[in-house]
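Notes for the one structure printed next.
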Amino acid sequence: MAHTFEELVEMQRAADQAQAQVQRLRDQYGPPTREAWSEQQTATYETAWRAWRDLARDVQAAVTAHAQAEGQSRTEVEAGVKKAARHPEPPEPQDE
């Protein structure tokens, strides 16, 4: 299923948010080699990591499908998606 560019941007934002959650947990828990994580911490981290991995995999597959369907370079589509997801353009003011 080919996604629209806007859907790809939303998928990338979700993957970026999941990655940020993994980083927050790493920062909060500290390295597991310094101080052992509890079972709850380990489970929470692993769940967050799997969510990030799955979302990242899905967006990569969707970017590939979109690029093929549109006859575009996969690299250019990915760069455009990441730029739009991470540096959105401010909305244009509307005339009143």
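The values are calculated or read from the model by the stated rules, or taken from the named source; none is laboratory data. Every value quoted in this text rests on a predicted model; they were computed, and no experiment measured them. FYI the Cβ positions are ideal-geometry reconstructions off the backbone, even for glycines, and counts take in every protein chain you see. The protein model used for the area step is the full one, side chains on, heavy atoms only, and it has no ligands, DNA or RNA in it. Shrake-Rupley method; radii C 1.70, N 1.55, O 1.52, S 1.80 Å.
Farthest toward the positive end of the dipole of the chain, out of Thr42, Ala84, Val9, is the Cα of Thr42, where the dipole comes from beta carbon charges about the Cα centre.
For the chain, a crude dipole built from +1 on the beta carbon of Lys and Arg and -1 on the beta carbon of Asp and Glu, taken about the Cα centre, is about 640 debye to the nearest 20.
The percentage of C-alpha pairs in the chain whose separation is greater than 23 Å is 42%.
Mean separation of Cα pairs under 8 Å and 6 or more residues apart, divided by the residue count, gives the chain a relative contact order of 46 percent.
Sort 40-46, 61-67, 81-87 for me by packing, meaning the mean count of neighbouring Cβ atoms within 10 Å per residue, highest on top. Display every interim value, and only then the final one.
Working: 40-46: 13.4, 61-67: 17.9, 81-87: 15.4.
Top of the packing list down: 61-67, 81-87, 40-46.
Calculated [222 nm] ellipticity per residue, helices only, for the chain: -25500 deg cm²/dmol; basis is -39500 (n - 2.57) per DSSP H run with n ≥ 4, divided by all residues, nearest 500. What the phi angles of the range 76-89 give under the Karplus curve with 6.51, -1.76 and 1.60, with θ = phi - 60°, is a coupling list of 5, 5, 4, 4, x, 5, 5, 4, 5, 6, 9, 9, x, 6 Hz, glycine and proline written as x. Counting only alpha carbon atoms, the long axis of helix 39-70 and the longest principal axis of the chain meet at about 20°.
Tell me the per residue accessible area of the range 48-87 using a 1.4 Å probe; a whole number in Å² is fine.
On a per-residue basis, 61 Å².
Here the translational diffusion coefficient of the range 47-96 follows from Stokes-Einstein with Rh set to the Kirkwood radius across Cα pairs; for 20 °C and 1.002 mPa s it amounts to 168 µm²/s.
The angle between the Cα long axis of helix 5-29 and the longest principal axis of the Cα atoms of the chain comes to about 20 degrees, rounded to the nearest 10.
In terms of overall dimensions, the C-alpha atoms belonging to the range 1-53 reach 45, 18, 13 Å along their principal axes, ordered largest to smallest.
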